[in-house]
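What follows is a set of notes on a single structure, which appears directly below.
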Amino acid sequence: MKKTILLFTMLLFKVSYSQTNVDQLLELGIENAQRFSTDYFAPAGELLVNSMSNGWYKTAEVKKLWRFEVGFIGNLSFVREEKQSFILNTAEYEGLEFSEGPSAQLVANAFGGNRGDISVVLDQGQLGQVEITLPDGIGGKEVNIAPTGFLQGSMGISRSTEIKARFLPKIAVRENTEVFLYGLAIQHELTDWIFSWKRLPFRFSGLIGYTNVRGFYDFTADSEIDGTDQEIRLKSNSWLVSGIISTKLPKFNFYGGFGYYAGNSKADILGTYEVQRGPLASQTVKDPISVNNKASGLKATIGANVKLGFFRANLDYTLQNYQNLSIGLNFGW
């Protein structure tokens with residue numbers, strides 16, 4: 001439970017995994033380790049891009065010149081059962097076989113949990129065999145919900161346009177771990193273009209937003225394999241282009257949006273590693289694994305907001321690859 005509370009930006013998926021499995025993966029060889037890591041982390045990278053493209057708006061109305069608000073945005077992304085595992089086909093690996101069962105089996109990714117231990121064996125011919133147990137997801141159990149959160153503010157810069165910024169200062173999520181986030185967006189209200197549109201009971205606007213996440217974890221002190229400067233660096237970028245519609249009621253309003261998101265998430269396992277078994281035995285390997293995941297798709301959002309004096313709150317639900325619930329708590333004028 002302690003690990004699943006701190007799933008922010010998916011960095012901890014890679015941290016938990018690295019402490020116990022980097023050494024074993026390298027015993028299977030660089031190419032096999034890279035192949036497995038790519039499939040294992042793919043859904044985590046996709047979810048991060050999905051989640052960070054949410055929470056940019058709560059109305060199609062833009063703020064008047066120099067008016068602003070600041071607050072907190074929280075996201076809950078939901079992981080479907082089919083996103084908790086992947087098919088590992090040993091025919092796509094070099095010299096690898098399952099200890100038991102067919103050559104292609106369903107195994108856990110960063111979100112999943114294996115039903116009992118699943119082992120693979122690397123055949124090295126005259127050098128013998130190397131056997132490892134494949135990892136479960138974070139905490140050794142299935143993950144169904146992944147929370148993220150950040151500070152966000154907005155300000156009107158003209159009659160029809162406002163800018164938005166989101167920020168999470170560099171924080172220590174756990175020992176030797178840092179996460180940092182920033183993002184910018186611009187929203188323009190189209191309702192102001194034509195006078196007759198102002199009489200409609202709805203507002204229309206368009207938005208473009210960008211979010212960048214960076215993370216760092218130094219696990220040299222906790223590593224089970226000798227080496228130096230053993231660390232993980234995470235970089236993630238997420239873009240959103242969306243149309244927005246909302247009602248014009250005084251206090252309580254509904255809003256919706258339809259848009260396109262795209263981005264990528266990259267994690268590098270850096271440092272030196274002195275491998276003891278397998279094809280790399282007695283070798284020192286440097287910067288062995290780099291995982292790069294891309295994600296894109298359409299998304300649709302529906303929500304409601306309430307305004308009480310200087311206080312504003314909103315709640316919305318987004319249909320996308322990883323469905324998402326967002327809540328915003330803001331103060332402004």
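The values are calculated or read from the model by the stated rules, or taken from the named source; none is laboratory data. Note that the structure is a prediction, hence the values are computed from the model and not measured. Glycine gets a Cβ as well: all are built from the backbone with ideal geometry, and neighbour counts include every protein chain shown.
Descriptive notes on the structure:
- Number of the exception - Asp192 against (1) modelled with pLDDT under 95; (2) surrounded by 16 or more Cβ atoms within 10 Å (Cβ to Cβ); (3) under 30 Å from Asp268 (Cβ atoms): (3)
- Just one residue in the set Ser238, Ser205 is surrounded by 22 or more Cβ atoms within 10 Å (Cβ to Cβ), of a type in the set (S, T, N, Q), in contact with a Gly (Cβ under 6 Å, 6 or more places away or on another chain) and assigned to a strand (DSSP E or B); that residue is Ser238.
- Filtered residues of region 244-256 (kept if touching a Leu at 6+ places or on another chain (Cβ under 8 Å) and in a strand (DSSP E or B)): Ile244
- Residue within region 315-325 that is more than 21 Å from Arg166 (Cα to Cα) and among the β-branched types (Val, Ile, Thr) present: no
- Looking only at residues of region 103-128 that are hydrophobic (A, V, I, L, M, F, W, C) and in a loop (DSSP other than H, G, I, E, B), we find that the one that is farthest from Glu46 (Cα to Cα) is Ile118.
- Candidates are the residues of region 215-235 that are part of a strand (DSSP E or B) and among the aromatic types (Phe, Trp, Tyr); the one that is nearest to Ile186 (Cα to Cα) is Phe216.
- Residues being loosely packed, with under 14 Cβ neighbours inside 10 Å and closer than 18 Å to Glu31 by Cα - total across region 82-91: 3
- Selected residue [in contact with a helix residue (DSSP H, G or I) (Cβ under 6 Å, 6 or more places away or on another chain) and assigned to a strand (DSSP E or B)] from Asn321, Asn293, Asn314: Asn293
- Candidates Ser160, Ser119 - the one that is more than 29 Å from Thr38 (Cβ to Cβ) and at pLDDT 85 or above: Ser160
- Sole residue being surrounded by fewer than 22 Cβ atoms within 10 Å (Cβ to Cβ) and without any contact (Cβ under 8 Å) to a residue 60 or more places away in the chain, chosen from Leu298, Leu325, Leu329: Leu298
- Residue match in region 248-255 (condition: of a type in the set (Lys, Arg), surrounded by 15 or more Cβ atoms within 10 Å (Cβ to Cβ) and out of contact with any Phe, Trp or Tyr (no Cβ under 9 Å at 6 or more places or on another chain)): no
- Here Val107, Val130, Val62, Val79 are screened, and the one residue that is within 19 Å of Pro147 (Cβ to Cβ), surrounded by 14 or more Cβ atoms within 10 Å (Cβ to Cβ) and among the β-branched types (Val, Ile, Thr) is Val79.
- Selected residue (criterion: modelled with the highest pLDDT) from residues of region 135-154 that are over 18 Å from the mean Cα position of the chain (by Cα) and surrounded by fewer than 20 Cβ atoms within 10 Å (Cβ to Cβ): Gly153
- Residue check, Tyr217 modelled with pLDDT under 95, buried (at least 20 other Cβ atoms within 10 Å of the Cβ) and at negative phi: yes
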